[in-house]
Ligand SMILES: [Zn+2]
């Protein structure tokens, strides 16, 4: 069992990972009887019916069944846990740790449907249920962690671990259960537990207010464009969407730049009106920082104060030390060491990028110094001048369905997996756009199911992500069910859907998460698939992106939607060359946010004035004046809408260090399709979930710790001499 710690439900929004953690249930006969009664009343509580261990019961329930199902399932789970805690037999691995693995199955099932509906079918009814249920789910977690009789049994098993003859996976599970409980306050006395509960509830309320404030400014603020002159430089599709945005905000006949990244970035890229670019940029970078009812500065200060108190209560130096302890990085110092190693070369690259842009501006007699609102605009001019690549030349070769076939082909080459569309209607779906594939291994054995929900619609979260409906487990003897979700614009029936190169990369990325889930081969579901530390989970997905760039995929699957011809080699070359374009900007805007995040959470009890802290920290880092943080503090939802990424925004860079280094293992071998390297990748990374320490798993795969060189090469930065970033420290046992 993994307790849902630190707002894991919110993870879905930000990473490409969704999913609720797993809970689970040894049942005695009375519990089984009770289960049948509740199941008869609410279809979401019943065991899943159908092939392959059962499938989600779409079409058999109403949205209004969600709340009573979750409430009944939580109550059932608490009762199951109480029975374990009250077991008269002496605590053993079986009657405590494995028993916990078996609890909460009804909550897993209802929670999976809840996760799907809140992320992909979120209408007013679903939102109301979510508002009501999310604090209740948080409170449920505290009730399990604070069950002192249960923890006493876990601790007793943990103390006896050396004498129990446990195998490595069992030891790891025991260590994780024990550690998760301790980290969540199980060892505290009653007074401190009470205070911890108060802190968690106050924090949850502040997170909700923080994200609602940002949402309010994103959905109501806009820069209105009045005339043709205000549209200068904007391509036709952008004008159309700006007109539609104005109309939907009650300003028909005008054009609007809404205060969201997807609306702001294209305007900053194409508008030739520098004054309007500045106006739009100021609006976007001031979200949550306008000194009005939606200002987030005081909320941030309060969150940091409460987190510092919680860390002290739990016995840690700072919130950052608490968060990093169970991550691959282990300590804030090691995360900072990696970030600082990349920071200077990235800033140096920004200087070069700015010089290139300034040269073009000077040549055009623009009489300006490059400012933050000029970056996208002039870098686009540099891209055309230097690489002669136009997105419009690429798109006809990038058909969504062909690329999907390409991903399947890669999964076959690397892992021996085969995908077969289930088209006989035997598996129900929650929306007609969703399709389901059965996944089998090289021997033809069933592995799991892959649901694909590719199109945008009202009520669906923007972006793309992977979700695990059911984790693999030998204890439960159930195969895995995963999904990939995206927001492509649905075409007319029979018409090819053409996507951008970035979208194609995202498609492969999310499929990488799916393969991480599908390849899982563990005994306990708490350790399955993507249930790994956050600074490790993006490694498999970032790695799989690289196969999009390989010739077999481009030659076989990047086919012109009309002629069927593969992408010409010179176009392939341009794509590969532009991979390193603008990496200075991309790295610096990201790293500035990651470093500020870490430093905020290392400040301990020192009261923070967010504006001053941000200004002084960036100044001491030597932040280039032409760039702003990707997420300024007052709207940094990753770290203030929940605990998940707090002191954890560095995770993307950490994972990318691994993915860059891992890909070079293939290049040092026979290439991207080297069978021996692929076998190791499966054995030591994709199949092991969290049953081995990630640093050990990586070392087994690579034969050494990762080094930073590959990351620097991938981003086009100079490679320092040496610089291993991984650890010799071990977390476990
Ligand atoms: Zn991801």
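Taken together, the values in this text are just the output of simple stated rules run on the coordinates, not laboratory data. Because the structure is predicted, anything quoted here is derived from the model rather than measured. Heads up, the Cβs are rebuilt from the backbone with ideal geometry, glycines too, and the neighbour counts pull from every protein chain shown.
By counting other Cβ atoms within 10 Å of each Cβ, how are 422, 447, 532 ranked from fewest to most?
Least to most surrounded, the residues fall as 422, 447, 532.
What full-extension length gain, to one decimal in nm, is calculated for residue 620 and residue 556 as 0.36 nm per residue of separation minus the Cα-Cα distance? The partial results should precede the final answer.
Values: separation 64, 0.36 × 64 = 23.04 nm, distance 5.00 nm.
The span from residue 620 to residue 556 would gain 18.0 nm if fully extended.
Using C-alpha pairs under 8 Å with a sequence gap of at least 6, the mean separation divided by the residue count of the stretch 396-577 gives a relative contact order of 24 percent. Helical content alone sets the calculated 222 nm signal of the chain at -16500 deg cm²/dmol, taking -39,500 (n - 2.57) per DSSP H segment of four or more residues and averaging over every residue. Sorting 284, 701 by the number of Cβ atoms found within 10 Å of their own Cβ, with the fewest placed first, yields 701, 284. Of the beta bridges in the stretch 396-577, as assigned by DSSP with both residues counted there, near 70 percent are antiparallel.
For the stretch 80-219, the relative contact order is 29 percent, taking Cα pairs closer than 8 Å that sit 6 or more residues apart in sequence and dividing their mean separation by the residue count. The distance separating the Cα centre of the stretch 104-165 from that of the stretch 87-102 comes to 18 Å.
Based on DSSP, what percent of beta bridges with both residues in the chain are antiparallel, to the nearest 5?
Roughly 75 percent of the DSSP beta bridges within the chain come out antiparallel.
Relative contact order for the chain: 16 percent, from Cα pairs under 8 Å spaced at least 6 residues apart, divided by residue count. With a Förster radius of 45 Å applied to the C-beta separation of residue 92 and residue 461, the computed FRET efficiency comes to 0.55.
Reducing the stretch 40-63 and the stretch 340-391 to their Cα centroids gives an inter-centroid distance of 55 Å. One way to sum up the overall shape of the chain is the equivalent ellipsoid from its Cα gyration tensor, whose semi-axes run 41, 30, 27 Å, largest first. If the chain linking residue 239 and residue 371 were pulled fully straight, counting 0.36 nm for each residue of separation and taking away their Cα-Cα distance, it would gain 45.1 nm.
Sort 429, 303 so the one with the fewest other Cβ atoms within 10 Å of its own Cβ comes first.
429, 303
When only alpha carbons are used to place a centre, the stretch 193-213 and the stretch 417-454 end up 40 Å from one another.
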